[in-house]
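First comes the structure, then the notes that go with it.
The values are calculated or read from the model by the stated rules, or taken from the named source; none is laboratory data. These figures come from a predicted structure and were not determined experimentally. Cβ atoms come from the backbone with ideal geometry, glycine included; neighbour counts cover every protein chain shown.
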Amino acid sequence: MYNFKTIGEIDLTGKRVLVRADLNVPMKDGRVADMTRINRLMPTLRDLIANRARVIIMSHFGRPEGKYLPEMTLRPVAKVLSQALGYDVSFAGDCIGEVAVKAVARLQPGNILLLENLRYHAGEENNDPEFVKKLAALSDVYVNDGFSVAHRSHASTVGIAHILPAFAGRQMQAELEALGAVLDNPMPKVVAIIGGSKISTKLELLDSLVQKVDILMIGGGMANTFLNAQGVNVGKSLCEKNLAEIARGILEKANLVKCEIILPIDALVSTELEKEVRASVCDIKAVPANSMILDIGPATVGLLESKLAKCKTLIWNGPLGAFEIKPFDSGTNALSEVVANLTSAGDLVSVAGGGDTVSALNNAGVFDKLTYVSTAGGAFLEWLEGKELPGVKVLMGQTN
């Protein structure tokens, strides 16, 4: 398990605590469209308030690339945080400099302040030492509660932890404990379900997982590339035919290390990717030449259910169909219910992660029914690939 300090291990009364959160939330018409990341931040903020800390929250929002862009201000998020907490959250119009210093100076124990977008300054993504010093000057203690940004070597995720005493927030702690239990010390028989559109974006992930899991189920558009590599006609489906040799290489490696690869055995197909369009189920080897594979079929769901019933640990990243458009969410929804039921019965430890995966699980109505769902995208994938995450490494004091 990871060796890191948490906010429960220090007296924070009256101390200035700088919290790295991920408030890069989806906005629609000036309003937060998904509260998941904000809700996940609440346990840390409530703990800090209860301990009478002076809380300073920092985050990025979008990609302003070192420029002030009014559409990327965090100001509206301060209001949402206030509503979620039932407690006033003040806002500083900058994250460093006189504006930030004065706003922090006004904080009383138990107060909360949100700083303006870190990425308005190029020093954030460059991990610039001067920018780091200015951030650190605002605080006595650093808390990272943003696992989803832990794969980035930025000023707010790595640089500042070299200067201030560094601790994991409650969300970071929950992420590391849940993910560590799955791959570092998993229950016997591990299955991974990997979906998504292209294998070109997940080559390292697939290569890593075949060496770590007992069963690897590949779905979504990337399954078409593997099927094509085996000589299966996938019609007009999304398919990276130029990666056929690489796909065969992954299959051969899996065979050598005795990792069972499962590909769809049937599919929901259509000539169009449109809402409520006519679709039909066919055997995977009988896809019409003018059709596209847009979801897994019921036989594939049944096969996966039989495999999951014999496993104890599941890692899931990526939907298995074009779930955003009905009826092509049926396969992912059906499998989601199977996973939720096995988890509720205590027969399966299930951990899922990634932006599209979170959306798919919400669409299926089972987001809260898995053992743990990570809201992280890139960090979750890099963790699955076995890469060292800079923002986690520095929390464990491994700075050399």
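Descriptive notes on the structure:
- Restricting segment 1-28 to residues that are exposed (fewer than 14 other Cβ atoms within 10 Å of the Cβ) and outside any loop (DSSP other than H, G, I, E, B), the residue that is modelled with the lowest pLDDT: Lys28
- Residue list for segment 108-131, filter: in contact with a Phe, Trp or Tyr (Cβ under 8 Å, 6 or more places away or on another chain) and of a type in the set (Asp, Glu): Glu116, Glu124
- Residues being in contact with an Asp or Glu (Cβ under 9 Å, 6 or more places away or on another chain), without any contact (Cβ under 8 Å) to a residue 24 or more places away in the chain and within 14 Å of Gly331 (Cα to Cα) - total across segment 265-312: 2
- Per the listing Ala122, Ala155, Ala174, Ala137, the residue uniquely surrounded by fewer than 23 Cβ atoms within 10 Å (Cβ to Cβ) and without any contact (Cβ under 8 Å) to a residue 40 or more places away in the chain is Ala137.
- If you go through segment 178-210 and keep only what is over 17 Å from Cys311 (Cα atoms) and over 16 Å from the mean Cα position of the chain (by Cα), you end up with Ser197, Lys198, Ile199, Ser200, Leu203, Glu204, Leu206, Asp207, Ser208.
- Of the residues making up segment 58-100, those that are aliphatic (A, V, I, L, M), farther than 22 Å from Asn126 by Cβ and in contact with a helix residue (DSSP H, G or I) (Cβ under 9 Å, 6 or more places away or on another chain) are Val77, Val80, Leu81, Ala84, Leu85, Val89.
- For segment 29-37, the criterion of being more than 26 Å from Ala137 (Cβ to Cβ), in contact with a Lys or Arg (Cβ under 6 Å, 6 or more places away or on another chain), modelled with pLDDT under 95 and assigned to a loop (DSSP other than H, G, I, E, B) is met by none of the residues.
- Some residue of segment 363-377 being of a type in the set (S, T, N, Q), in contact with a Gly (Cβ under 9 Å, 6 or more places away or on another chain), at negative phi and part of a loop (DSSP other than H, G, I, E, B): yes
- Pick from segment 326-349, criterion in contact with a strand residue (DSSP E or B) (Cβ under 7 Å, 6 or more places away or on another chain) and more than 21 Å from Pro264 (Cα to Cα), ranking: surrounded by the fewest Cβ atoms within 10 Å (Cβ to Cβ): Thr343
- Ala178 being assigned to a helix (DSSP H, G or I) and either closer than 27 Å to Ile57 by Cα or in contact with a helix residue (DSSP H, G or I) (Cβ under 6 Å, 6 or more places away or on another chain) (or both): yes
- Residues of segment 336-361 that are over 14 Å from the mean Cα position of the chain (by Cα) and in a helix (DSSP H, G or I): Ser336, Glu337, Val338, Val339, Ala340, Asn341, Leu342, Thr343, Ser344.
- Of the criteria (1) surrounded by fewer than 23 Cβ atoms within 10 Å (Cβ to Cβ); (2) more than 28 Å from the chain's Cα centre (by Cα), which one Val269 fails: (1)
Table: residues versus (1) surrounded by 19 or more Cβ atoms within 10 Å (Cβ to Cβ); (2) in the same structural domain as Asp207 (by TED's automatic domain parsing); (3) under 23 Å from Trp316 (Cβ atoms).
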site	(1), (2), (3)
Gly231	no, yes, no
Lys241	no, yes, no
Ile261	no, yes, yes
Ile265	no, yes, yes
Val287	yes, yes, no
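- Matching residues in segment 80-116 - criterion: being crowded, with 16+ Cβ neighbours inside 10 Å, part of a helix (DSSP H, G or I) and not small (Gly, Ala, Ser): Val80, Leu81, Leu85, Val104
- Number of residues in segment 128-159 that are within 14 Å of Lys393 (Cβ to Cβ) and either touching a strand residue (DSSP E or B) at 6+ places or on another chain (Cβ under 9 Å) or of a type outside the set (Gly, Ala, Ser) (or both) equals 9.
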